[in-house]
Amino acid sequence: FHELKRLSSHPFAVIRIVIATMVLDEPSRVFILLSTALVHLMTPGLAFFYGGMVNRNSVLTVMLQSYSSMAVISILWFFVGFSLCYGQDGDVIGNPLTFAGLQGVNGHTNLLVNGRLIEDISGLTFCIYQLTFAVITPAIITGAFLDRLRYKIPFVIIWFFLVYCPVAHMTWGGGWLQQLGAGDYAGGTVVHITSGFSGLASPLVLGKRLNQPAEEIAHNVPFVGLGTALLWFGWFGFNGGSSLTINGSSASAAYMNSQLASASAATCWILADIYGRGRPSLVGACIGAIVGLVVITPSAGYVQPWAAVVMGPIVVPVCYSVCHLRRRYFSKHFDDALDVWGCHGMGGFVGCILVGVLSDPAECNPGAASGISTPDWCSSPNTISRSWAQVGKQSIAAVGVAAWSFIATALILKLLSALMVIRIPKGGHVDEYELGELAYSTAGGISSGDEDSQWSEEGASTPVQNS
């Protein structure tokens, strides 16, 4: 007792006592590292999903944007990104010097994030896992400004600093949304609302595609199916790994809920296609599966399996209607090419609100300090429970993040357009213009049907001759 009393008078006593309690759980570390690999695979999966959905003349450009995000964001994460998301101080953004260059982050000790100890796993394990979320988020946006925004790394860099890092810090890094009590289990707010509502701003600022095909048809449906398989597979790490431990019930709940929500939404989308267009489609089933995974993300570890099944009939009418109404009535003014806002933005928004509606009841959340035991069936005891107050907190988070993502993205695009040429000019082959490469070519060098590939911009590249 006297030794504790002596230590407590020291200014670093709290830190010393916290460090003394740090314990690594090897099964949890292995689980999170495997989850990291699963989430990392999602970005190539997104590249195939988008690559199959777009026109054959744009497939390489849209895929490159996903792979570029993997490279650029990883470097930014090393220097200051991790600090801005999880560094000390600040209700909106973290201190960029806290973990700059990953100083103080290693594979042997736990990490303390604004007074919260990341239990069971090392700081380096936590860091690499969170990096995979940062990587895929800006890649999602690219489907909204397809065939308009030139390959511009500055957009990704500025967007990462102005949108992703503040929202991640506010939601997960000890910022004001976390202090408010808004729940986001695996990224419905941080990933899907940010990317989705940035996808809403992009086509409104950039305008309609100059190279828009007469009919929106996926050029490679098997690519769409492959991309969906990779995304669905990786999403188990995305949602399940967000428990940050293999112990307890939340990881298992997140796995089951992810499967059920995706299956429920895919079924509902198939039925909607049968009703709306007279027959089902593989592309529609894939979109429905992704929408289901989006809507369950913010509550994957907070809800019961029945709630995951219910989310399909709730979210599909919203996303399906938004996507089809946009195409039918607003496509000339709002050209969201791959319905990023309709699927990710609205799906994430609905999912965020549903955290307050469908999470476990109050008996699962008496408070860890209360000493009251919780029922065995609770998904994630003493975290989030449904209530009108929680609905209010979720609404504040959803509206606030959506508004900031929209405004910041619009400002970034306006700024870049004032400094450089960011629009792709009218012409035949976007991949040829941007990359000097063709996805499909004949022996003569030009893909079938694209022999007359000319650009309206002076000095544009001539057709590429592939051997």
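The values are calculated or read from the model by the stated rules, or taken from the named source; none is laboratory data. Not measured: the values here are computed from a predicted model. Here Cβ is always computed from backbone atoms with ideal geometry, including for glycine, and neighbour counts include all displayed protein chains. What goes into the accessible areas is simple: the full protein's heavy atoms, side chains included, and nothing from ligands, DNA or RNA. Shrake-Rupley method; radii C 1.70, N 1.55, O 1.52, S 1.80 Å.
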Only one of (1) farther than 25 Å from Gly356 by Cβ; (2) touching a strand residue (DSSP E or B) at 6+ places or on another chain (Cβ under 9 Å); (3) of a type outside the set (Gly, Ala, Ser) does not apply to Val283, and that is (2)
Residues (open to solvent by less than 90 Å² (accessible area, probe 1.4 Å) and either modelled with pLDDT of 50 or more or outside any helix (DSSP H, G or I) (or both)) located in segment 9-20: His10
The condition of being outside any loop (DSSP other than H, G, I, E, B), touching a helix residue (DSSP H, G or I) at 6+ places or on another chain (Cβ under 6 Å) and surrounded by 17 or more Cβ atoms within 10 Å (Cβ to Cβ) holds, among Gly301, Gly234, only for Gly234
Output the residues belonging to segment 237-271 that are surrounded by fewer than 20 Cβ atoms within 10 Å (Cβ to Cβ) and part of a helix (DSSP H, G or I). Ser252, Tyr255, Met256, Gln259, Ala263, Thr267, Ile270, Leu271
Which condition number in (1) at pLDDT below 95; (2) hydrophobic (A, V, I, L, M, F, W, C); (3) over 26 Å from Phe161 (Cβ atoms) is the one that Val62 fails? (3)
Hey, does segment 139-147 have a residue that's surrounded by fewer than 17 Cβ atoms within 10 Å (Cβ to Cβ), part of a loop (DSSP other than H, G, I, E, B) and small (Gly, Ala, Ser)? no
Give me the helices (runs of 4 or more DSSP H) completely within segment 330-446, filtered to those with at least 3 residues that are open to solvent by 10 Å² or more (accessible area, probe 1.4 Å) and of a type in the set (A, V, I, L, M), ordered by residue number. 346-358, 388-419
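So which of Val310, Val283, Val291 is within 30 Å of Pro375 (Cβ to Cβ) and aliphatic (A, V, I, L, M)?
Val310
Please find, within segment 211-231, the residue that is nearest to Gln130 (Cα to Cα) out of those that are open to solvent by 20 Å² or more (accessible area, probe 1.4 Å) and polar (S, T, N, Q).
Asn220
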Members of segment 265-317 found to be closer than 20 Å to Asp184 by Cα and free of Cβ contacts under 8 Å to residues at least 40 places away in the same chain, listed by number: Gly292, Trp306
From the list Leu204, Leu177, which one is in a helix (DSSP H, G or I), open to solvent by less than 10 Å² (accessible area, probe 1.4 Å) and touching a residue at least 40 places away in the same chain (Cβ under 8 Å)? Leu177
Restricting segment 304-315 to residues that are within 21 Å of the chain's Cα centre (by Cα) and open to solvent by less than 30 Å² (accessible area, probe 1.4 Å), which is farthest from Asp376 (Cα to Cα)? Val315
